[in-house]
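Reviewing the structure listed below.
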Amino acid sequence: MNLSYYHVAGDVPANVKHDSAVVIDVLRATTTIACALNNGAESVETFADIDLLKKKSASWPSSKRLLLGERGGKKLEGFDLGNSPIDVSNDFVKDKRIFMSTTNGTRSFARVRDFNTLYAMSLVNRQAVGEKILIDNPGEVLILGSGWEGSYSLEDSLAAGALASFLLESRLDLVQVINDELNAAIALWTFWKRDLIGCLRKSTHGQRLQRLGNHDEDFLCCSELDTIGTVPIQREKGILFSL
Ligand code: 3SL
């Protein structure tokens, strides 16, 4: 199994194999997706484009839908939810389809939506996704971060390194790292693995969130490791369900 990591959607080569992809946006889109599905949401449909989200969601029964969106870390006007994993509680999201658009994470999903298999991963469900990948045993796994507006992010690379370390520790005979972006991510994980919240707070997006206001609960939630067994998987184009 060949593992590669790209920091942002724009870095993924055009001719890459469409085998398996794992999208990561630790702060906060894929943490929110894992928590929402774990708390009983019917599914999460991701949109890079807000107008398309509004059009598509209008055809879904209003009692069964929630609009979740942010730009620049701030909740979108007229939406039910911003992008906090704390807000997607069971009483709020149970059996609802969540129509979601975020600054960076949903762009990453758009880039790899044609892959045969697509997962959403964060620190909270790293082990669950890793175990599923080992069962699937695809030839190629492309791990894709979300970054910030096209540039590198520390926290997504931390989680990419966490996933690769889990896979290597589980099946060294099976797993190979094939790009230096992932070798660097593993080194980052080794450096920060005992202070995940410290890494998230130090990251530039972590600092952006702190400037926007108190996000202590978000940092606590997003820095938890292997606490959720939910594996979000794309079953219809652009729509993630719990496995
Ligand atoms: O960029 C994104 O996709 C978001 O996760 C950013 S935020 O943490 O909601 O600000």
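The values are calculated or read from the model by the stated rules, or taken from the named source; none is laboratory data. Being a predicted model, the structure only gives us computed values, none of them experimental. Ideal geometry is used to build each Cβ from the backbone, glycine not excepted, and the neighbour counts take in all protein chains shown.
Does Leu53 satisfy the criteria of being within 19 Å of Trp148 (Cα to Cα), within 16 Å of the ligand (Cβ to nearest atom) and out of contact with any Lys or Arg (no Cβ under 6 Å at 6 or more places or on another chain)? Steps first, please.
Working: within 19 Å of Trp148 (Cα to Cα): no; within 16 Å of the ligand (Cβ to nearest atom): yes; out of contact with any Lys or Arg (no Cβ under 6 Å at 6 or more places or on another chain): yes.
Considered against the rule, which asks whether it is within 19 Å of Trp148 (Cα to Cα), within 16 Å of the ligand (Cβ to nearest atom) and out of contact with any Lys or Arg (no Cβ under 6 Å at 6 or more places or on another chain), Leu53 comes out as no.
If only residues of the stretch 69-86 that are charged (D, E, K, R) and within 11 Å of the ligand (Cβ to nearest atom) are counted, the one that is nearest to Leu209 (Cα to Cα) is Lys74. Of the strands (runs of 3 or more DSSP E) lying entirely inside the stretch 1-118, those containing at least 1 residues that are over 20 Å from Gly161 (Cα atoms) are 43-46, 65-71, 97-101.
For the stretch 214-238, residues that are at pLDDT 95 or above and either at positive phi or part of a loop (DSSP other than H, G, I, E, B) (or both) total 12.
A single entry from Arg126, Arg111 fulfils the requirement of being modelled with pLDDT of 95 or more, within 15 Å of the ligand (Cβ to nearest atom) and not small (Gly, Ala, Ser): Arg111.
Screening the candidates Lys202, Lys237 for the property of being surrounded by fewer than 20 Cβ atoms within 10 Å (Cβ to Cβ) and closer than 12 Å to Leu27 by Cβ yields one hit, Lys202. Note on the stretch 131-161: among residues that are closer than 24 Å to Glu236 by Cα and crowded, with 23+ Cβ neighbours inside 10 Å, the one that is nearest to the ligand (Cβ to nearest atom) is Ser146. Scanning the stretch 141-176 for residues that are over 16 Å from Ser108 (Cβ atoms) and part of a loop (DSSP other than H, G, I, E, B) yields Arg171, Leu172, Asp173, Leu174, Val175.
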